[in-house]
Every structure is written in structure tokens, then in C-alpha cells.
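A short write-up of the structure that comes next.
The values are calculated or read from the model by the stated rules, or taken from the named source; none is laboratory data. These figures come from a predicted structure and were not determined experimentally. Reconstructed Cβ throughout: ideal geometry from the backbone, glycine too, with neighbour counts over all protein chains shown.
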Amino acid sequence: KNSTLWKYFAISDMLTNEIYIGNMVQGKYGSVSYKTKQNKPRPQSEWYRVEGTHEAIIDRPLWNRVQSMIAERAKPFDCGTVGLFARKARCANCGYTMRSTKNRGRHYLQCSNRHVAKDACIGSFISVEKLERMVIDELNRLAAAYLDKDELERSIEFCENLQGQKKQLVDTLSAYEKRIAEYTKGLRDLYMDKVKGLLNDSDFSALSKEFSSEKSRLERVLLDGQRQLAELEDRIAVGDNRKALVERYINLEHLTREIVEILIDHITVGKRISGTKDVPIEIHWNF
């Protein structure tokens, strides 16, 4: 806190400034009107981005990992550490992100959405220790099955899987871009109708606000999809690294937050099966 070398805002800027991966980005701010010098932030979809203008000092896979971690917005405990499954565990019943609680020195994850209303969710609950053990057991099971596979079979399966994901994502992004263009045209048409007197000020204000809100939402979704596409292309370019990942993380005794970030996209946790101690989970891996 008292350091004069590195301030929080400086580190924050370095983690999100694309100049460190070789990109030049301009147009982050624009004037509100030609009549005033006042500037306001522009949505990222309107920035001018030129890739590869200079040598990168941060490699793209590491950059993408950092952006994913920032997007998770995982909050640390009072001691400053981030929970092992923070923002990674989701309720299987309602999709709500599970929150951390502590009782008698043990950490638990629970769906707090069940406290909103009686019919909001039936609730999910599991101890962090139990979930960690289940993840390690599943990782070891996958490792045993995967490493027994023929190398060629693994490679073909990997390529078909990722290329299929890429095609689906590209189609989805194209649909979003088309809808954004439609809203942009709609806003322009609304303005022309107002100028021609076909639309009064009240209706123009209400409709343009609705159009702009939906356009901004789609732009945020598009940006997130473009980030996912970049990550997919990086994985395709690097090749099948799952064998190395699996071999690196077999026979673990404990997980760390870094391992969870590398291996796991998210985990869905169900309600404990009545009459047993079993809690159904579903792990969505990053590989």
C-alpha cells in the first residue's frame, strides 16, 4: 500500500492495455457533439484496433487467461486470498454463482439464491474440502482413461471438437453483428423520422433509448464472444496440449487457485441426494 514504485491503477492498466500484446488501440474516447469539446468513453466495438504494430512482451495465451480472470470478478477473502472455487461453482438448479461461507474453521459453498424467495431455488450446498476431493478424483479418472487412448485418436478427436466449437461460435458472432447493424440502422431511421416530423420527441426518446440499450448489450456479448474466439484460435494454433496438462496434474494431493484457473471453466453443484452424503456435480474443463 505504501509503495511508491507500483500503484494499483498502474498494475490494473497493464493487465488490460493491449499495447503489451503488440496491438495499437485508439478511439477509446469520442466527442459527444461537434459543438462541444466534452468526451465520453466509447464502447469497445467502436475502438480502432490494429494488431501486430510492434513486438509483444506478453504472450497471447497468458493475456487471455488474465482477461478471463478479470471477467470473473472473484472477490478475495479478508486475508487477501481468493477462494479455491470462487466464481467457478454454480448452482445446478438455478445457475446462480455459489457463495462462500465459513463455519467452525471449514469453508463451504452454498447457493444464496434460495434465501431470496421460497420458490427461487431448492438450494445447493457442499464443503470446499469435499468438492476439492471430487475434482481431484475425477481428474485422476480422466487421466487414466485419456492417457490410454491412441495418440492419433486423441489428435483427431481434439481437432474435430475445437473446429466444431469455432464454427458454431463464428456463426453466433455473425448473427450478433447482423443484429447490431440492424439496431444501428434503426437508430438512424428513427432520427430521420424525427427530423421529418413523423415522430415526436417523446416517442423518439423512448424508442432510441430502447434501441441504444439493446445495441450496447449486444456489443458487450459480441466482445465476450470475440475473446472466446481468440482463445479457441490460440488453442488450435498451439495444438493438443491436453496430454501435457493431464500428465502435469495427475496424482495431486491438493488443488491451488492457479490449477483451478488453468483446468476448470466452471462446476455445477446439485442438491445433496436425500438419504445419502452424495452431492452431484458436473465439471466443465478447459481442455
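Checking each residue in segment 37-73 for being in a loop (DSSP other than H, G, I, E, B) and within 30 Å of Ala89 (Cβ to Cβ) picks out Ile58, Asp59, Arg73.
Restricting segment 28-82 to residues that are of a type in the set (Gly, Ala, Ser) and modelled with pLDDT of 85 or more leaves a set whose member that is nearest to Leu15 (Cα to Cα) is Ala56. When segment 103-132 is limited to residues that are in a strand (DSSP E or B) and in contact with a strand residue (DSSP E or B) (Cβ under 7 Å, 6 or more places away or on another chain), the one that is farthest from Ile264 (Cα to Cα) turns out to be Arg106. Scan segment 170-211 for residues that are surrounded by 13 or more Cβ atoms within 10 Å (Cβ to Cβ) and among the basic types (Lys, Arg) and the total you get is 2.
Selection of segment 1-36 for residues being in contact with a strand residue (DSSP E or B) (Cβ under 7 Å, 6 or more places away or on another chain) and assigned to a loop (DSSP other than H, G, I, E, B) yields Asn23, Gly27, Lys28, Val32.
Asp193 falls short on exactly one of the conditions (1) modelled with pLDDT under 80; (2) of a type in the set (Asp, Glu); (3) farther than 30 Å from Gln226 by Cα, and that condition is (1).
Any residue in segment 258-270 that is part of a loop (DSSP other than H, G, I, E, B) and either in contact (Cβ under 8 Å) with a residue 40 or more places away in the chain or on the phi > 0 side of the Ramachandran plot (or both)? Checking segment 258-270: at least one residue is part of a loop (DSSP other than H, G, I, E, B) and either in contact (Cβ under 8 Å) with a residue 40 or more places away in the chain or on the phi > 0 side of the Ramachandran plot (or both).
If the condition is being of a type in the set (A, V, I, L, M) and either surrounded by 15 or more Cβ atoms within 10 Å (Cβ to Cβ) or under 16 Å from Met98 (Cα atoms) (or both), then segment 263-287 contributes Leu263, Ile264, Ile267, Val269, Val279, Ile281, Ile283. Summed over segment 212-244, the residues that are among the hydrophobic types (A, V, I, L, M, F, W, C) and either modelled with pLDDT of 85 or more or not assigned by TED's automatic domain parsing to the domain that holds Ala175 (or both) give a count of 0. Close contacts from segment 111-134, counting a first residue that is assigned by TED's automatic domain parsing to the domain that holds Val260 and a second that is aromatic (Phe, Trp, Tyr), with Cβ to Cβ under 6 Å and a gap of 6+ residues or different chains, come to Cys111/Tyr96; Asn113/Tyr96; Ser127/Tyr108.
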